């Protein structure tokens, strides 16, 4: 809980929730930041966090039988609409501005995932490599980021509860990652500098500190870090952090942590999930669910919240090499076998790679090197062709561009209320529905009225 | 301009430009024995002192000063954008007419310039304030005044800045009210100190506000003349 909120006696308006799929392969992580001026913001953020942590796992289930595509974006949009409807039921009316909150969520599995974002707060993810030199190092690379979106002014942002939320929904697909960090706006002050660039020294220090702490005490460690005077000085807001460390970190033995920033620039808006390699449907992946630590819940209302979670999966994860290598060996074996069995396929007559040349053909093979038709298997493990039939063993690429057409919300769901109450705030769609960041545009805030100028409509 | 440092202080900024009437009428004597301009100068010192006592404001507020009138008899930038922790007040001198319209246009230009500089330095900011203090009425030609009205209204509609107008003594409040929706307020007597303490507290609140917050401005009782 931020110092500002302790002072004013408002409850912590941040919420977080995490979920893990039944097969232990996928993890959903959500934080949500309620707006300070919204009367029931904490209810809003809690509902958003809870629903998304559950529903995102449905995507994981569907990915067992369905290729990643635009349907994922549609699914996310459907869940946003679903949450908004739930909030309407809670409110007992169509206007849900009392629940104004942001959405900072992620679904991640063994081969990649998504960052889902409305408003401020931040998501950072990346890979980790072990560097063994004079000093043992864990080299963290930041590869993806979903930045806070504030509009022009620092004290404005966008909410899932606004009428034109869809203009500010950002879905970013990410490749395989070994770690993620989610933070609400308050937490951003610590993990970001200039409110958008990752603060590499801070992240470094935080991960180092975490890894030096026994697993059971890690949530407390984050809480303590978020509660330090330095942290309070940077932001007096509620701060919530989720740090998710993959199985690779289990080998950590006092390594130094080094973080570099190699962010893949992502475009704003909703992107087609092309980055996730297709899961081979013929061979369902069996990744063990070892290395899961239970989510340590930070203390409830009244304290900064944090959680650590391990990404399921062993270090040797499913990728091209683990599938293709055995297949490759089989192919070579079969080839050699057929040669041994008097070459019924007349393979000798084909001009093939000299490395696979057979008895007495050594010189001939060397001459055929120039006109070899097949590329060397070790150079290009992805494609092995023999002259007879092209057997393409690469994973078929997802090449269709799935553009989600953003339909402008022209329904009049909020128009009535908006026109009545927001007479001064015209059609400016950038700002949040309740402009409370500064004194309101009417002069009532300057009148001798010490009570909170309420704009509840 | 060395008044701002975005490297060692990358905090978000709340810029505020003061448009101050330094026309000849500000030389008038007041009941305290000091002239109006002397009272204003004391107010600026109180502003500085108040900022110094507020650690959050010190790192986040940014101040600029435009004088309207004065020995140069024009509207000019007396102090370019300066971070609060570098801001040192200095006495203003009164003389001449009141080209307030010109001063406002200059203020809007300063605000845009501040935003550009902040954006290019990667510093975020809250909506800038323009605080106008005048004791008379504008002496601009009609064209300039009309242009100022247009620009101020556009700025307010476009949410480019928050415009506050404070009238002193003989100020023509009805002319000032043409500029913006927020009605001009009248200063009680010579309570510049109280006004500037209020300004410092309000800027501080704005600079600490987070998305979705209600920025609670300080109470205007200490300085406001409610009879007008």
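Residue check: is residue B:118 within 14 Å of chain A (Cβ to nearest Cβ) and part of a helix (DSSP H, G or I)?
yes
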Query raised in the report: Among the residues of the stretch B:174-186, how many are more than 20 Å from residue B:24 (Cβ to Cβ), over 16 Å from the mean Cα position of the chain (by Cα) and away from every other protein chain (no Cβ under 13 Å)?
Result: 2
Report task. Report the residue count in the stretch A:13-32 for those that are under 18 Å from residue A:184 (Cα atoms) and more than 17 Å from the chain's Cα centre (by Cα). Result -> 3
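How about the stretch B:97-112: which of its residues are in contact (Cβ under 8 Å) with a residue 12 or more places away in the chain and part of a helix (DSSP H, G or I)?
Kept after step one, since they are in contact (Cβ under 8 Å) with a residue 12 or more places away in the chain, are these residues of the stretch B:97-112: B:97-108, B:110-112.
Selection gives B:100, B:101, B:102, B:103, B:104, B:105, B:106, B:107, B:108, B:110, B:111, B:112.
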Report task. May I ask you to verify whether residue B:67 is surrounded by fewer than 23 Cβ atoms within 10 Å (Cβ to Cβ), under 15 Å from the mean Cα position of the chain (by Cα), modelled with pLDDT of 95 or more and part of a strand (DSSP E or B)? Result -> no
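Just name the residue that is nearest to the other protein chains (Cβ to nearest Cβ) out of those in the stretch A:31-60 that are within 14 Å of residue A:98 (Cα to Cα) and in a helix (DSSP H, G or I).
Only one residue fits best here, namely A:41.
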Report task. Can you confirm whether the stretch B:9-21 contains a residue that is more than 20 Å from residue B:164 (Cα to Cα), without any contact (Cβ under 8 Å) to a residue 40 or more places away in the chain and either in contact with a helix residue (DSSP H, G or I) (Cβ under 8 Å, 6 or more places away or on another chain) or not in a strand (DSSP E or B) (or both)? Result -> no
Query raised in the report: Of everything in the stretch A:176-200 that's farther than 16 Å from residue A:242 by Cβ and in contact with a strand residue (DSSP E or B) (Cβ under 8 Å, 6 or more places away or on another chain), which residue is surrounded by the fewest Cβ atoms within 10 Å (Cβ to Cβ)?
Result: A:197
Report summary line: Note on the stretch A:61-103: residues farther than 21 Å from residue A:171 by Cα and outside any helix (DSSP H, G or I) are A:65, A:92, A:93, A:94, A:95, A:96
Query raised in the report: Hey, among the residues in the stretch A:222-276 that are part of a strand (DSSP E or B) and within 15 Å of the chain's Cα centre (by Cα), which one's modelled with the lowest pLDDT?
Result: A:270
Query raised in the report: Which of (1) crowded, with 17+ Cβ neighbours inside 10 Å; (2) modelled with pLDDT under 95 does residue B:74 not meet, given it meets every other one?
Result: (1)
Report summary line: Those residues of the stretch B:42-62 that are outside any helix (DSSP H, G or I) and in contact with a helix residue (DSSP H, G or I) (Cβ under 6 Å, 6 or more places away or on another chain) come to a total of 2
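Condition check ((1) in contact (Cβ under 8 Å) with a residue 12 or more places away in the chain; (2) within 19 Å of residue A:161 (Cα to Cα); (3) within 14 Å of another protein chain (Cβ to nearest Cβ)) across all residues:
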residue: A:20; (1), (2), (3): yes, no, no
residue: A:29; (1), (2), (3): yes, no, no
residue: A:62; (1), (2), (3): yes, no, no
residue: A:70; (1), (2), (3): yes, no, no
residue: A:86; (1), (2), (3): yes, yes, no
residue: A:93; (1), (2), (3): no, yes, no
residue: A:101; (1), (2), (3): yes, yes, yes
Report summary line: Exactly one of B:14, B:59 is surrounded by 24 or more Cβ atoms within 10 Å (Cβ to Cβ), closer than 21 Å to residue B:129 by Cα and within 14 Å of another protein chain (Cβ to nearest Cβ), and that one is B:14
Query raised in the report: Does the stretch B:135-158 contain at least one residue that is facing chain A (nearest Cβ under 8 Å), farther than 20 Å from residue B:14 by Cβ, surrounded by fewer than 18 Cβ atoms within 10 Å (Cβ to Cβ) and free of Cβ contacts under 8 Å to residues at least 24 places away in the same chain?
Result: yes
Query - In the stretch B:201-220, residue nearest to residue A:184 (Cα to Cα) [restricted to those that are outside any loop (DSSP other than H, G, I, E, B) and within 7 Å of chain A (Cβ to nearest Cβ)] - result: B:208
**Report entry** All positions within the stretch B:152-168 that are in a loop (DSSP other than H, G, I, E, B) and touching a strand residue (DSSP E or B) at 6+ places or on another chain (Cβ under 8 Å)
**Finding:** B:161, B:168
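The values are calculated or read from the model by the stated rules, or taken from the named source; none is laboratory data. Note that this is a predicted model, so its numbers are computed, not measured. Here the Cβ is made from the backbone with ideal geometry for all residues, glycine too, and neighbour counts use every protein chain on show.
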